[in-house]
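Report on the structure given below.
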Protein chains: 2
Amino acid sequence: MGSKEKLNIPVLNEVLKPVASENKEFAVRFKNSMRSNVPLLDLVLRFILKQKGKKIRPLIVLLSSKIAGEINDRTYRGAVLVELLHTATLVHDDVVDEADKRRGFPSINKIWNNKVAVLVGDYLLSKGLLLSVTSKDFDFLETVSQTVKRMSEGELLQSKKTRKLDMDEETYFKVISDKTASLIETCCVVGGLSVTDNTQYIDALRSYGNSLGLAFQIIDDILDFEGNSKLFGKPIGGDIKEKKITLPLIYALQNVDKKESDSIRKMIKKGSNDKDVRFIIEFIERNNGIKMAQEKAEQLSERAKESIQVFPESESKVALESLVEFVVKREN
Amino acid sequence: MGSKEKLNIPVLNEVLKPVASENKEFAVRFKNSMRSNVPLLDLVLRFILKQKGKKIRPLIVLLSSKIAGEINDRTYRGAVLVELLHTATLVHDDVVDEADKRRGFPSINKIWNNKVAVLVGDYLLSKGLLLSVTSKDFDFLETVSQTVKRMSEGELLQSKKTRKLDMDEETYFKVISDKTASLIETCCVVGGLSVTDNTQYIDALRSYGNSLGLAFQIIDDILDFEGNSKLFGKPIGGDIKEKKITLPLIYALQNVDKKESDSIRKMIKKGSNDKDVRFIIEFIERNNGIKMAQEKAEQLSERAKESIQVFPESESKVALESLVEFVVKREN
C-alpha cells in the first residue's frame, strides 16, 4: 500500500503555479463536500480534513484540464470526485494495513474502530458517486467505477503473490498499474474529459497518467530500501518484512542463478529480521536491482513526457513535465 | 447489523411462484457476474456463491417489476446490481462486526483477513456500479448511490447512539430506515423503473419497500429478545449485550418513571451479563415493550400492503402482500 497514501510529495511551486487560484477554489469545494448531518460522521470528516494531504490528485485533474482547454464547473467536480475516492481508499487502507498512524495523525480505526473506518470509506465513495450521478457526469462515473475495481483487484493480486512469493516482472507491472497508476490515470482522464472530447487528447492524458503512476510506484518501492524513507517513520526494508517482492528485488533475482535466488526467497519466506533485511538490500544493490529499477522509472518518466507532446506549449504543460521530473528525483 | 444479513427468510412458495422462471434466469446472471481473472478474488467469489443466501432482494426486484409491467433485460441487471451491492455490504459487515461466522460458514475475514474482506467488498460495489454505468442504467445509479450513502450513515448513527445510550424512537426510525429499509426500497424502485416511468407506480413501490423494510427490522429486533433466534446461533439479548437500544426497549423505557429507566440504562451501560439480560427482557415484557413494537410492525405491514393497492390485481401483487405477512409473522 505504502504507495497510494504517499503521493503527497511536497508540491513544487512551478507545478502549482498555473492553477494556483483554481486550486484554492477546489479546496473550498472539497471542504464543503466533507460535511454530514450525522454527528459522528461529521466529526470523522473534520478529523480527516485537518490532516491536509498535499492533494496532488486534484492538482493533476486541474492541470490535465488546463492543458487541453478551460477549467470549468465539471473540472472542479472531477477534482472533488477523485479526492473523495482517494480519501475513501486511504480510510479503507487503514483497516487493511491495521495502521496506527497516517500522516503523523492516529488512524481512524485506531481512534474509533474498524467499523467506523469501513463505513466512513463506503460513505465517501458513495458521496463521490452521488456527486457525479446528480450532476450527470456519466463519463466520470465510467472511468471511476473501473478504477475502484482495478484498485481492489491490484491489491488482491499483490496480496496473493505476497503469500506465494512468486511475483514476477509482468505481474508486478499489472499490480502497480491497477493499484496505483489507475487512479493517476483517472485524474488525467477526468480532467481532460471535463474540457474536451478530442480523443487524441484524452488518450495522451491517459498515457501520461499511466506512465507517471508506474514511475511513481517504482520510485516508492526503491525508496523503501533507502534511508530517507525513515523521515516518514517507515522502516527501511518494510516491504521485505511484509514479504512484498518489488521491482528492485525482482531484477536482482533475475541476475543470479537459481540456487542463490532460492536462498533469498527462503530468507524472506521465513520472516526477515533486521540483519536479514540488510543482507537482502546488499544483495539487491550488488546485483543491480536498484539501478535497473531506477532506469525503468526514468524510461517511464520519459514516456510520460512524450505522451503530452501532442499539446501546444503552455504553462500547464511545463508543470506536468516538472511533476514527472519531480516524481523520479524525489528522495522521500 | 444483524438485520441486513438476515433478510434470508425461507421464501414461501407463493412469493416465488409468479417469477420462478425469471428467478432462475437471475441466478445464472448473478453467478456469471461473480467471476474474476484475479485468482484470489475468484476463489473468494466462489466461496461467497456457495453460501446460497435466499436472495430475497432480487426476488423483490423481480416482483416489483412484474406488478408494474414486463420483466426485461434491465430488470435482471437491476436484480444483479442490488444483490452485488448487498453482498458487498455483507462482506464489509464481517469486518465491522468482527464476525467469525456467516450463514454457518466461516466469514471471509476469518479465513482470509480484514484486508481481503475490505477489498472484496469494494470490488463487488464497483462491479455493480460498472454494470449500471456500462448499460447506461443511470436511474439505477442514482438510487443505488443514495442507498450506499444512507446505509453507512444509518450504521454510523446507530454506532454513535450505542455509545451514548441515548437512542429515542425518532432516531431509531431514522437509523433503521437508513440502514435496512433503504435497500429494500431500492429493490422496489429499481424493479419499478426497469418497466415503467409512471411516477405513481414508482412512489407506491418506494413506499411499500420502506414500510416492509421498517417492519422487517422491528421484527428482527423483537426476535433478538426471543428464543427462536437461537436457531441462528445468535444469543438471546445480543443487542443488549452490544448496548444497542432497539424499539421494544425504547417503548418499555417510555412507560416507566425516570428513576427506573435510569437504572436500566445504567445496567446496560456497565455491560450486561446473562442474568442482567434476563432481568432487562422481563422488564421489557412487563412494560409492554414487545407488544407495542409488534403492533408498530403490524401497522407498518398494513401500510405496505395499502401502498400497492394502486396496482391492478395480479399474482405478483398477491405475492408482495404475502411477503409482508410473512415478514411480520416469522419466528426467526
Any chance you could count how many residues in region B:117-173 are more than 9 Å from chain A (Cβ to nearest Cβ), open to solvent by 10 Å² or more (accessible area, probe 1.4 Å) and among the aromatic types (Phe, Trp, Tyr)? 1
I'm trying to understand the selection: among the residues of region A:288-320, which are over 18 Å from the mean Cα position of the chain (by Cα) and of a type in the set (Asp, Glu)? A:Glu295, A:Glu302, A:Glu306, A:Glu313, A:Glu315
Return yes or no: is B:Leu119 in a helix (DSSP H, G or I), at pLDDT 95 or above and aliphatic (A, V, I, L, M)? no
Yes or no: region A:200-208 includes at least one residue that is open to solvent by less than 10 Å² (accessible area, probe 1.4 Å), under 15 Å from the mean Cα position of the chain (by Cα) and aliphatic (A, V, I, L, M). no
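Determine whether A:Ser177 is modelled with pLDDT of 95 or more and open to solvent by 10 Å² or more (accessible area, probe 1.4 Å).
Yes, satisfied.
Let's see how each residue does on (1) within 30 Å of B:Gln254 (Cβ to Cβ); (2) among the acidic types (Asp, Glu):
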{"position": "B:Val120", "(1), (2)": "no, no"}
{"position": "B:Gln146", "(1), (2)": "no, no"}
{"position": "B:Lys161", "(1), (2)": "yes, no"}
{"position": "B:Glu185", "(1), (2)": "yes, yes"}
{"position": "B:Val195", "(1), (2)": "no, no"}
Can you name the number of the only condition in (1) at pLDDT 85 or above; (2) charged (D, E, K, R); (3) part of a loop (DSSP other than H, G, I, E, B) that B:Glu25 fails? (3)
Subset of region B:97-116 that is within 11 Å of another protein chain (Cβ to nearest Cβ) and buried (at least 16 other Cβ atoms within 10 Å of the Cβ) - its residue that is modelled with the highest pLDDT: B:Val116
Residue under question is B:Glu282, and the condition is that it be assigned to a helix (DSSP H, G or I) and open to solvent by 20 Å² or more (accessible area, probe 1.4 Å); does it hold? yes
Check on B:Ser194, within 14 Å of chain A (Cβ to nearest Cβ) and polar (S, T, N, Q): no
Which members of region A:34-82 meet the condition of being modelled with pLDDT of 90 or more, outside any helix (DSSP H, G or I) and exposed (fewer than 15 other Cβ atoms within 10 Å of the Cβ)? A:Arg35, A:Glu70, A:Asn72
Could you give me the residue pairs with C-beta distances under 8 Å whose first residue belongs to region B:261-275 and is without any contact (Cβ under 8 Å) to a residue 40 or more places away in the chain, whose second residue is open to solvent by 60 Å² or more (accessible area, probe 1.4 Å) wherever it lies, and which are 6+ apart or on separate chains? B:Met267/B:Phe279; B:Gly271/B:Lys241; B:Gly271/B:Lys243; B:Ser272/B:Lys241
(1) over 18 Å from A:Ile60 (Cα atoms); (2) open to solvent by 50 Å² or more (accessible area, probe 1.4 Å) all hold for A:Glu325 apart from (1)
Selection within region B:119-133 - touching an Asp or Glu at 6+ places or on another chain (Cβ under 7 Å) and more than 16 Å from B:Ser36 (Cβ to Cβ): B:Val133
Reported set for region A:210-239 where residues are in a helix (DSSP H, G or I), at pLDDT below 90 and open to solvent by less than 60 Å² (accessible area, probe 1.4 Å) is A:Gly227, A:Ser229, A:Gly238, A:Asp239
Residue among A:Asn332, A:Asn288 that alone is at positive phi and open to solvent by 20 Å² or more (accessible area, probe 1.4 Å): A:Asn288
From the list A:Ser145, A:Ser152, exactly one residue is more than 15 Å from the chain's Cα centre (by Cα), modelled with pLDDT under 95 and at negative phi. Which is it? A:Ser145
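Using the structure shown, decide if A:Ile219 is closer than 30 Å to A:Ile202 by Cα and either touching a Lys or Arg at 6+ places or on another chain (Cβ under 8 Å) or of a type in the set (A, V, I, L, M) (or both).
yes
The values are calculated or read from the model by the stated rules, or taken from the named source; none is laboratory data. On a predicted model such as this, the values are computed, not experimentally measured, just so you know. Positions of Cβ are backbone-derived with ideal geometry, glycine not excepted, and every protein chain shown enters the neighbour counts. The protein model used for the area step is the full one, side chains on, heavy atoms only, and it has no ligands, DNA or RNA in it. Shrake-Rupley method; radii C 1.70, N 1.55, O 1.52, S 1.80 Å.
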